[in-house]
1. Can you list which of the chymotrypsin sites (Phe, Trp or Tyr not before Pro) found in the stretch A:33-126 are DSSP loop residues with at most 16 other C-beta atoms within 10 Å?
2. Counting other Cβ atoms within 10 Å of each Cβ, which GluC sites (Glu not before Pro) in the stretch B:5-99 have at most 15 and sit in a DSSP loop?
3. Under 13 Å Cα-Cα from residue B:171, which aspartates and glutamates qualify once same-chain neighbours fewer than 8 residues away are excluded?
4. When the convex hull of the C-alpha atoms of the stretch B:8-90 is computed, what volume per residue in Å³ does it have?
5. In what sequence, largest accessible area first, do B:156, A:288 appear using a 1.4 Å probe?
6. What is the distance in Å between the Cα centres of the stretch A:103-156 and the stretch A:233-288?
7. Would you kindly enumerate the cysteines in the protein assembly as shown that have no other Cys beta-carbon under 4.7 Å from their beta-carbon?
8. Counting only heavy atoms of protein chains, what accessible area per residue, in Å², does the stretch B:89-160 have with a probe of 1.4 Å?
Amino acid sequence: MSSTEAADDDHVYLSLAEGHDDGDARWAFGTGFSDPLHGVDTAVPDAVDGSALAAVCLALGDDALVASQRLAEWCTRAPELEEEVALANIGLDLLGQARMLYARCGQVDGTDRREDAYAYFRAPADFRNVALVELPNGDFALSIARLLILSTWRLALLSRLAGTSDPVLAAIAAKAVPELTYHRQYAADWVVRLGDGTEESHRRMRAALRELAPYVEELLTATGDTVPGILAAPDTGTEAVREETLGVLRQVLAAAGLDLPERPAAPYRGRGGEHTEHLAPLLEELQSVAREHPEATW
Amino acid sequence: MVTTPALPDEQRARRIAAEVPDPELPMLTLADLGVLREVRTTPDGTVVASLTPTYSGCPAMAEMRADVAARLHAAGFAQVEIRTVLDPPWSTDRISPEGRRKLREHGIAPPGRAPRKAAGPVPLVLGATRQAVPCPRCGSTDTEQTSRFSATACRSLWRCHACLEPFEHVKEL
Ligand SMILES: [Zn+2]
């Protein structure tokens, strides 16, 4: 995760060896997994509905965590080293977004839970991510097409949430916008390169879009108690996010010589906890170490 | 460590926190990088230092927090409080001129101006060339990006056609 340069490594070891006398116990499975919102003012404005806010944070956090776990699966398997590093870094950004969203969720849902409780100690049916992010990686084309769809929608939504009435969610969203802009650019460039590339790369990208098309609608129509339902800022909402998402996808796919096939929506309702059979094994792997050693610190 | 007893506590604390190196770009201090937002002392003598994360997933954030606290404690400040500031988000525009000079000296091309945030949807530009990044070694602008990501999320990988050397570039954010 960190730099490969010797000087950097030396520094990291030095700072670990220096000993931190700040009294913060460390979560056992990584360095520095302490509260990502450490010291942020956590008050919830009177006008904000805490449970709706928590639902949004959870849904967006779960999308990011599950997507980041799928991206991490590309480590040692990507077609080129550069792409492996790119996918890992994109996953790291999403993981960071998930951590802050979980931390905010725990502050406002009345349970006072910390990020680890959300990531490691919930059952699949308690997760609120869309089915799109939990599908297996497939080939590089499928993973890239999924990244394009996810980052396009997430950017459209979070750029609007940056103006929402909860200042912490607004700040988390604003921070994510440049990151998602980069993710979308990376995925879009690859979709065009593959779609407009060889016969084989075109065929694979077309097949990927055909497989993913049924999962797009769930992102765009998530309703009621979930994401667009609580968009408090003016000029936001399901319609604007839908239009922007589909517009950008059309722009990219046209340049790639492709389109998003019309297919019936998949029957899953991830926002309501109804998932594909792929989520449980993903979480089992993600959660296995933490569950074997609960509350371990060092 | 040089002691400077003449300095008021707040100024001394600020100087100590400012000199903490960044874990991933150790040639830069946290002040050079622009992640140290504020250092102040409260009437009861507590030092309150505010840091802002670079990327959401920056794995170095907790190390930075711990490093700042440890150095302040070592300098005799018993009560230290570290706060995270998310708003306004960090931008590479916060890297100081001194920080940019140090990056260049270490063969890393500093970021240009971060893209301005206009109202409305974030535009997507396909294909075509983006910015020209001058080579930190020879200054040539005949350079090419070889990878959007490098050893860390904040850097991309480039190649200079003039001197043929590869180099890293801190991406505009
Ligand atoms: Zn050169």
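1. Details: sites: A:33, A:74, A:102, A:118, A:120, A:121; in loops: A:33, A:74, A:121.
Of the chymotrypsin sites (Phe, Trp or Tyr not before Pro), the ones in loops of the stretch A:33-126 whose Cβ has at most 16 other Cβ atoms within 10 Å are A:121.
2. On the way: sites: B:10, B:19, B:24, B:38, B:63, B:81, B:98; in loops: B:19, B:24.
In loop regions of the stretch B:5-99 (DSSP not H, G, I, E or B), the sparsely surrounded GluC sites (Glu not before Pro) are B:19.
3. Reachable aspartates and glutamates: A:179, B:93.
4. Spelled out: Cα convex hull of the stretch B:8-90, divided by residues, is 83 Å³.
5. Working: B:156 0, A:288 50 Å².
Largest accessible area first, the list is A:288, B:156.
6. Spelled out, the Cα-based centre of one part sits 12 Å from the other.
7. A:75, B:58, B:154
8. Working: 3910 Å² over 72 residues.
Value returned for the stretch B:89-160: 54 Å² of accessible area per residue.
The values are calculated or read from the model by the stated rules, or taken from the named source; none is laboratory data. Here the structure is a predicted model, which is why all the values come from computation and not from measurement. Ideal geometry is used to build each Cβ from the backbone, glycine not excepted, and the neighbour counts take in all protein chains shown. Accessible surface areas use protein heavy atoms only, side chains included; no ligands, DNA or RNA. Shrake-Rupley method; radii C 1.70, N 1.55, O 1.52, S 1.80 Å.
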